[in-house]
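No lab work stands behind these numbers, since they all come straight from the coordinates. Bear in mind that the values here come from a model prediction, so they are computed numbers and not experimental data. All Cβ positions, even for glycine, are placed from backbone atoms using ideal geometry, and neighbour counts span all protein chains on display.
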Amino acid sequence: GGMKGLLDAAIGALKDGMEKMESFLQSAPNTVRTAFDMPAPLCALQSVLLSQAPKIMTDLLGMLEKLQNVSLEPVMKTISSTKEKVGGLNPEAIKTPVNKFMESAKDLVDKLDKTVSGAKMASGGGMKGMGKMFG
């Protein structure tokens, strides 16, 4: 539940997306090549008619090759590390000291509030009194 559940769902979606991208990058070069295959009657002449691959085909294959060289390993390591850190967090470990601090500070805040109120009354009600001091 809570943050851990959201993080698990996000990590699951990210891993799924990365697997889909990896699968796409493995099949895409072949898909690009077949897109430029000539239909049945002309396929015998393909090597003659297309002695050189079309520029768009070589450009697409080059881009796909660059994408294949991008390593997603660092991203996965960071995600796994984050999941471990967040998963291991104990909200009580933070909540308890903060509540203790708030309790211990309450008396000081009350005293400060009373002191400020007293100072305002003594000076004639805040900023008006300040004018008298400098006027």
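Rounded to the nearest 0.05, what FRET efficiency do Thr78 and Ala28 have when you use their Cβ-Cβ distance and R0 = 30 Å? For R0 = 30 Å, the calculated efficiency reads 0.70. Other residues whose C-beta falls under 15 angstrom from the C-beta of Met21 contribute a net charge of -2, scoring Lys and Arg +1 and Asp and Glu -1.
The residues packed around Ala53, meaning those with a beta-carbon under 13 Å from its beta-carbon, carry a net charge of 0 if Lys and Arg are +1 and Asp and Glu are -1.
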